[in-house]
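What follows is calculated from the coordinates using simple rules that are stated; it is not laboratory data. Just so it is clear, the structure is predicted and the values come from calculations on it, not from any experiment. All Cβ positions, glycine included, derive from the backbone under ideal geometry; neighbour counts span all protein chains shown.
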Amino acid sequence: MPAEGMPPESTPSLLRHRRRFLFMRAIIFANGVIEPDYPTHPDLLEGDLIIAADGGMRNSLLYGIQPDIVIGDLDSISEEEKKLLSGASTHFITYPQDKDQTDLELALGYAVQIGADEALLLGLLGGRLDQTIANILLLSRDNYSSLRLIVSAPPDTAHLLREQDELIIEAKIGDLVSLIPLSMEVYGVTTYGLHWELNNAKLGFGSTLSISNEMIAPRISIKMNGGKLLVVHRRVGNMK
């Protein structure tokens, strides 16, 4: 078993290949529920690194995407599945079952370690309520401040904003946008293109003030000065 947090010896060429690119994105598949009625297949970019957090491997294969890395205690993967993926050049980073981190946490830590600029997360929600809540709160940890974090759960897309961040969303008028504080205080929040505008506003943890706002322009912006803010964009045209 490789040392904790370290990639196996067989991965350096894989990572060197991706480091040729100025921008590196990790696509992380967690072991949550992916809604089959929505088009969740990400548009792959050259140089993307596909990471499966243990059983998230099945979510990646659901869309015909072979993971480059499978990380975790591998308690959700059968020996047959492991042999199949090993033969197809997937690399495994195995941790003991008695570990202090979830498989998703390990996957995010690995993305930081290899120098990824962005992490697109799929299969983060659904299934057990405790794991869903933990997965969302996990994103707010300072350990991942070097990553631009995006959660894809169609028809919703969520972005984690930190100090001095600005987010531009180009979508349809009428789409819904919610701002959810993930720190005790988020301050200096200013929005453009939403029905209820915020101007240098302060939002507190647990506040519902900024839930279900509406886009009144095809291009909106959200700026903030400090704190941690989850911005959730819902495409209303894709709702059931």
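The modelled label-to-label distance between A201 and D142, using points 7 Å beyond Cα along the C-beta direction, is 2.8 nm. A straight chain from E35 to Y63 at 0.36 nm per residue would run longer than the Cα-Cα distance by 8.9 nm.
Please give the calculated 222 nm ellipticity per residue for the chain, where each DSSP H segment of at least 4 residues contributes -39500 (n - 2.57) and the sum is spread over every residue; nearest 500 deg cm²/dmol?
-5000 deg cm²/dmol
Its residues counted as N, the chain yields a C-alpha radius of gyration over 2.2 N^0.38 Å of 1.05. Cross-link partners for K83 among the lysines, with Cα-Cα distance under 25 Å and sequence neighbours closer than 8 places in the same chain left out: K99.
Between R219 and E79, the FRET efficiency estimated from the beta carbon spacing at R0 = 41 angstrom works out to 0.25.
Stokes-Einstein diffusion for segment 12-154, with the hydrodynamic radius set to the Kirkwood value over Cα pairs and evaluated at 25 °C in a medium of 0.890 mPa s, equals 162 µm²/s.
Take the Kirkwood radius over Cα pairs of segment 74-159, plug it into Stokes-Einstein at 10 °C and 1.306 mPa s, and you get 109 µm²/s for translational diffusion. The slack in the chain from F23 to Y192, taken as 0.36 nm per residue of separation less the alpha-carbon distance, amounts to 58.0 nm.
Tell me the angle of helix 129-138 to the major Cα principal axis of the chain, expressed in degrees between 0 and 90 and rounded to the nearest ten. The angle comes out at about 80 degrees.
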